[in-house]
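The values are calculated or read from the model by the stated rules, or taken from the named source; none is laboratory data. Please read these numbers as outputs of a predicted model, since none were measured by experiment. We place every Cβ from the backbone using ideal geometry, glycine too, and count neighbours over all the protein chains shown.
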Amino acid sequence: MSSRKDDVREFLISRRANITPAQAGLPDYGGERRVPGLRREEVAMLAGVSLDYYTQLERGNLRGASESVLNAIARALQLNDVEREHLFDLARTATSTSAARKHKLEKPAMRASVQRVLDNLAVPAVVYNARQDLIASNLLGRALFSPHFEADKPNLARFVFLDPRARDYYVDWPLL
C-alpha cells in the first residue's frame with residue numbers, strides 16, 4: 001500500500017522523466033545525463049519556483065501549493081488534461097488529509113510487550129498519552145475505569161469535564 005506522498009513523488013518523477021530538455025526548449029550541452037528527462041532544477045526553473053520548493057513538492061508535500069504553482073509545474077512538465085487533473089487531485093487530497101489528520105485522534109501503536117506487562121499486573125492499570133487518551137489497560141483497569149471506556153475514544157479529560165457521570169464517579173458529592 002503506497003502513501004499519498006509516494007503517489008505524488010512517483011507521479012512527478014515519472015512525468016519529469018518523460019520530457020527531454022529539447023522538448024522543454026532547453027539547450028542540450030551533450031554528455032550523458034544521470035536521470036532520464038528533465039532534472040529537478042530544470043523543472044523548477046521552467047515553473048518559476050525555487051529548487052528547494054520544487055524538491056519539497058516532489059517529495060510529496062503538496063500541502064499549501066497554490067493553484068498558480070501547480071499550473072506552472074503542469075506547464076513545465078507538459079502535462080495533458082488528465083495528468084493535470086490528477087496533479088490537482090493529489091494536491092486536494094494532500095490538503096484534506098493533512099487537515100483531517102490534525103483533528104483525528106489516532107490510536108498510537110502499542111507495543112505487545114507493554115500490553116503483556118499490563119496484563120501481568122495484579123492491580124488496575126491504564127496507559128494514557130499526553131492528550132489524556134486512554135490507549136491501553138489491563139482487565140482490572142478497564143473495570144475500574146469502565147465509564148471512561150464506554151466512549152468511542154476514551155479520554156480522561158473529556159470524561160471529567162464533559163460527562164455528567166463524572167461528578168458521581170470521582171466524588172461522593174452528598175458527603176461534602
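Condition first: within 11 Å of Leu134 (Cβ to Cβ) and among the hydrophobic types (A, V, I, L, M, F, W, C). Now tell me which residues in segment 147-170 satisfy that.
Phe149, Ala151, Leu156, Ala157, Phe159
Of everything in segment 13-45 that's surrounded by 14 or more Cβ atoms within 10 Å (Cβ to Cβ) and over 29 Å from the mean Cα position of the chain (by Cα), which residue is nearest to Arg75 (Cα to Cα)? Walk me through it before giving the result.
Initially, segment 13-45 is screened for residues surrounded by 14 or more Cβ atoms within 10 Å (Cβ to Cβ), giving 13, 15-16, 18-19, 21, 24, 26, 37-40, 42-45.
Subset that is over 29 Å from the mean Cα position of the chain (by Cα): 19, 21, 24, 26, 37.
Details: Ile19: 11, Pro21: 14, Ala24: 10, Leu26: 14, Gly37: 15 Å.
Once the filter is applied, the top-ranked residue is Ala24.
Just checking, which of Leu176, Leu105, Leu121, Leu156 is surrounded by fewer than 16 Cβ atoms within 10 Å (Cβ to Cβ) and modelled with pLDDT of 90 or more? Can you show your working first?
Working: Leu176 fails: modelled with pLDDT of 90 or more; Leu105 fails: modelled with pLDDT of 90 or more; Leu156 fails: surrounded by fewer than 16 Cβ atoms within 10 Å (Cβ to Cβ).
Testing whether each residue is surrounded by fewer than 16 Cβ atoms within 10 Å (Cβ to Cβ) and modelled with pLDDT of 90 or more leaves just Leu121.
Of all residues in segment 65-85, how many are surrounded by 12 or more Cβ atoms within 10 Å (Cβ to Cβ) and among the small types (Gly, Ala, Ser)? Quick ask: steps written out before the conclusion?
In the first step, residues of segment 65-85 are kept if they are surrounded by 12 or more Cβ atoms within 10 Å (Cβ to Cβ); the result is 65, 69-79, 83-85.
Among the residues that remain, those that are also among the small types (Gly, Ala, Ser) are: 65, 72, 74, 76.
Here the count works out to 4.
Among the candidates Ala44, Ala24, which residue alone is assigned by TED's automatic domain parsing to the domain that holds Arg92, of a type in the set (Gly, Ala, Ser), closer than 19 Å to Val69 by Cβ and modelled with pLDDT of 90 or more? I'd like the intermediate steps shown before the answer.
On the way: Ala24 fails: modelled with pLDDT of 90 or more.
Only one candidate qualifies: Ala44.
Among the residues of segment 58-94, write down those that are assigned to a helix (DSSP H, G or I) and over 24 Å from Ala22 (Cα atoms). Outline the logic, then answer.
Taking segment 58-94 first, the residues assigned to a helix (DSSP H, G or I) are 58, 67-76, 81-94.
Residues satisfying the conditions are Glu67, Ser68, Glu85, His86, Phe88, Asp89, Leu90, Ala91, Arg92, Thr93, Ala94.
Among the residues of segment 132-152, which ones are more than 19 Å from Gln115 (Cβ to Cβ) and at pLDDT 90 or above? I'd like the intermediate steps shown before the answer.
In the first step, residues of segment 132-152 are kept if they are more than 19 Å from Gln115 (Cβ to Cβ); the result is 132, 147, 150-152.
Once the filter is applied, which keeps residues that are more than 19 Å from Gln115 (Cβ to Cβ) and at pLDDT 90 or above, segment 132-152 yields Gln132, Pro147.
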